[in-house]
Amino acid sequence: MEKDLMYLIPAGKYAKEELLNLLTNHSEIKFASLVGIDLAGNDTDEKIPIKLFIKDIEDFYNGGAVQTDGSSVVLTGIATLNNAKVDMLADASVNWFVDYNFEHIDEETGKPVGTLRIPAFLVHNGLRVDSRSILAQSLEHVKTEIKGLFQKNAKIAGLEHINGADVEDIIFTAATELEFWVKTPANKAEVEELSASQVMQEQYWQRTRGNVRTAMEQALLTMAQYGLEPEMGHKEVGGVKAQIDETGQLSHVMEQLEIDWKFSNALQCADNELQARILVKEAFRANGLEVTFKAKPIIGVAGNGEHTHVGIAAKLKSGKIVNLFSPSDMKQYFLSAIGYGAIMGLLKHYEIINPFISSTNDSLNRLKPGFEAPICIVTSLGHSPAVPSRNRTILAGLVRDVSNPMATRFEVRSPNPYTNTYIALAAFYLSILDGVKAAVNSGKTVEELDAELSKDAGKQGFYLETDRAYRSEHDVFDDYSEEERNRLFSEPPATVWENMQSIKKYPEKVKTLTAGNAFRPELIEGFVAGALVRWKTELLNRIIPENLSIVKEAKPLHDADSASDLDLNHWDKINSLRVYLAKDYLAQPSLFTRIKEAIQRDDFDTASALQVEMSDKISELKNLYREYKKNMIHIC
């Protein structure tokens, strides 16, 4: 890191003239890039010579300087081939980061060449159509509605220390936790070895070593330069101990890590996460290591989550900031009426939030019953308000510190590093708003709202659905059967197709997302359409070919002279699975072929069901072949 480099331009700190002076004094910044976020969460990147940016700076702010082809970004059904023009509008309300290429040194200054990355909105036919806009405009709607509640209610249950007339502004606080796997290139580790290390927690919070430690430290220091204020970096539960080669260097690295940084306002939080991923990848790449943010890079081993924290505060006319989730008496109550409404709104609408959280095959591979996978729509508040506790098996949990009311927030555990955080936060806050309005307008006390959230399935409530339960202080995996979980907390979707069908299944709940006209119906439809295109494409062109390779690699290892009856039994089962999965006959096509045919005829219900079957069969094949290989020994 260069000490005299400029890493960011803080939001609102520089007017246009000051910005021009700044860029003139930092001639190592050679390019500008407008960063728009499409509906899939992809960020745009282009290289605009800084001289051109300076020359046309007014147009950049007005959306007239940069245009892109809508076919180059994911705006499915919105920017079509015969109407593809998309304008890019610079956003001056957030930090702008400078991305340096440390492999390209400017001859004039002796510094790395920099690109000023400017967060932007995408505009099509005069309307904003991007993920950043969905979040920014949704927050404005939620802010207006909550301020309206305070105008109508001088006192709100649990917030008796606040006079509604004193509320000047609403602040949305958010933070994410970034988990990722790091490994040496082309490195593989046996699933059994990784699983054993995970169960014994041999890696969790252990000391990092060698180039992993160096890369971690460099990433944290660089994040600080960019104003992200890193709070912690540590080993996660996944991984195995690295080996040392003949030169004394670490080899065979396969570890899971986590990096956390300070919360911010919701829009800046999403921008910061994008920048953090860039910094982490570059730091580890510079040290000869590969990083993956995939939700489930290794089936059977802990996946990468990105727990997302959400909160709401009020700024009073006095300048004081008050957490709206925290009750007046932290030892007597868990939450205020706004806090209870927030979690109830989130849980009630989660069926139509989940499609935006888990929109890929990879994301749903992580969300399966097992190692702390948050698959049940249920919350936990703790065993008593006076003694905070954490339940790591639920979807969204309350995080609080009795001595620090500002720390109260909800941690949503289902997102992963490739979840579109902009749209996820928009969906969270819009759903929260629905619950907050219901709770406050009901006039109920904090005790009554606690009873609503804690009601048993089958008991009618004023807001939550009768046949569901929404709170549990138990381990939802150990203390309930699968049938009980599905009945009490809803059955989780198994495929992307199943998940997206919730949008059609719950039209009344979808209206909560479209309220305020930021997350418009055509944007929801565009998101779903894009997700389904990726689902079908990946299933046909990546998952089935990968599974076919697994089938072909399962070859016989025994011979007639040394094979035991167990070997023969194993191989009969293995070969039957191989044939069922991949071998076509005139009278009976293989499972792979039946999936392809179902997609070709647009029978996505069948394709989805067959995908679940394929996943189960492949898992069975891999386990059988692993047992079969174990029994292979050379007999003299």
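Readers should treat all values here as calculations from the given coordinates under stated rules, not as data from a laboratory. Because the structure is a prediction, the values reported are computed rather than measured. Note that each Cβ is placed from the backbone with ideal geometry, even for glycine, and that neighbours are counted across all protein chains shown.
Computed extension length for Glu290-Asp565: 94.7 nm, one decimal, from 0.36 nm per residue of separation with the Cα-Cα distance subtracted.
About its Cα centre, the dipole of the chain is roughly 780 debye, where the only charges are +1 on Lys and Arg Cβ and -1 on Asp and Glu Cβ.
Within the chain, all pairs of alpha-carbon atoms sorted by distance into 10 Å bins from zero give the percentages 3, 14, 23, 26, 20, 10, 3, 1, 0. Does segment 8-129 come out rounded, prolate or oblate, given a ≥ b ≥ c as the square roots of the eigenvalues of its C-alpha gyration tensor, rounded meaning a/c under 1.5 and, failing that, prolate meaning a/b above b/c? It is prolate, given that a/c is not under 1.5 and a/b is the larger ratio. Within the chain, the selection of entire DSSP H helices by a Cα span of 30 Å or greater along the long axis and an average Kyte-Doolittle value of at least 1.0 returns 421-442.
In vacuum, with every alpha carbon of segment 532-630 counted as one equal point scatterer, what does the Debye formula give for log10 I(q)/I(0) at q = 0.20, 0.21 Å⁻¹? Two decimals, please. Values, matching the q order: -0.96, -1.03. Charging the Cβ of each Asp and Glu at -1 and of each Lys and Arg at +1, and nothing else, the dipole of segment 20-160 about its Cα centre rounds to 620 debye. Every Cα-Cα pair of segment 277-388 was included, and the share exceeding 17 Å stands at 70 percent. For segment 94-126, list residues with backbone N below 13 Å from a point placed 7 Å from the Cα of Glu46 toward its Cβ? Zone members listed by number: 118, 120-123. The residue list Tyr61, Asn95, Leu19 was ranked by how far each Cα lies along the charge dipole of segment 8-129 toward its positive end, using unit charges on Cβ atoms, and Tyr61 comes out on top. A Förster distance of 30 Å, applied to the separation of the beta-carbon atoms of Thr466 and Val402, puts the FRET efficiency at 0.35. Shape call for segment 582-623 from the C-alpha gyration tensor, a ≥ b ≥ c root eigenvalues: rounded (a/c under 1.5), prolate (a/b greater than b/c) or oblate? Oblate is the answer for segment 582-623, as a/c is 1.5 or above yet b/c matches or exceeds a/b.
Cβ crowding within 10 Å, taken as a proxy for footprinting-reagent exposure, orders Ser131, Ser431 from fewest neighbours to most as Ser431, Ser131.
Going by neighbour counts of Cβ atoms within 10 Å, the residues Asp434, Asp478, Asp616, Asp603 line up, fewest first, as Asp478, Asp616, Asp603, Asp434.
For Lys183, the aspartates and glutamates whose Cα comes closer than 12 Å to its Cα, not counting residues fewer than 8 places off in the same chain, are Glu255, Glu290. Working from label points 7 Å from Cα in the Cα-to-Cβ sense, the Asp475 to Glu525 distance is 4.7 nm.
Geometric descriptor of segment 88-171, per residue, is 181 Å³ (volume of the convex hull of the Cα atoms). Mean separation of Cα pairs under 8 Å and 6 or more residues apart, divided by the residue count, gives segment 134-519 a relative contact order of 20 percent. Multiplying the residue separation of Ile105 and Lys155 by 0.36 nm and removing their Cα-Cα distance gives an extension gain of 12.0 nm. Full extension of the chain segment joining Leu540 with Ile278 gains 91.3 nm, where the gain is 0.36 nm per residue of separation less the Cα-Cα distance. Here segment 614-631 is scanned for amide nitrogen atoms under 16 Å from the site 7 Å beyond the Cα of Ala494 along Cα-to-Cβ, giving 614-621.
Within the shell defined by Cβ-Cβ distances under 14 Å, the residues around Lys143 carry a net charge of -1, with Lys and Arg each +1 and Asp and Glu each -1.
Apply the a/c threshold of 1.5 to the C-alpha gyration tensor of segment 476-565 and tell me whether it is rounded, prolate or oblate. Verdict is oblate for segment 476-565.
Set against the 2.2 N^0.38 Å expectation for a compact globular protein, segment 383-460 has a Cα radius of gyration ratio of 1.28. Applying Stokes-Einstein at 37 °C and 0.692 mPa s to the Kirkwood radius of segment 419-527, computed over alpha-carbon pairs, gives a translational diffusion coefficient of 204 µm² s⁻¹.
Distance cut-off 32 Å, Cα to Cα: go down the list Lys281/Lys536; Lys459/Lys505; Lys596/Lys630; Lys47/Lys317; Lys296/Lys437; Lys262/Lys296 and report the pairs above it. With Cα atoms farther than 32 Å apart: Lys596/Lys630; Lys47/Lys317; Lys296/Lys437.
Fewest-first ordering of Ser389, Ser490 by other beta carbons within 10 Å of each residue's beta carbon gives Ser389, Ser490.
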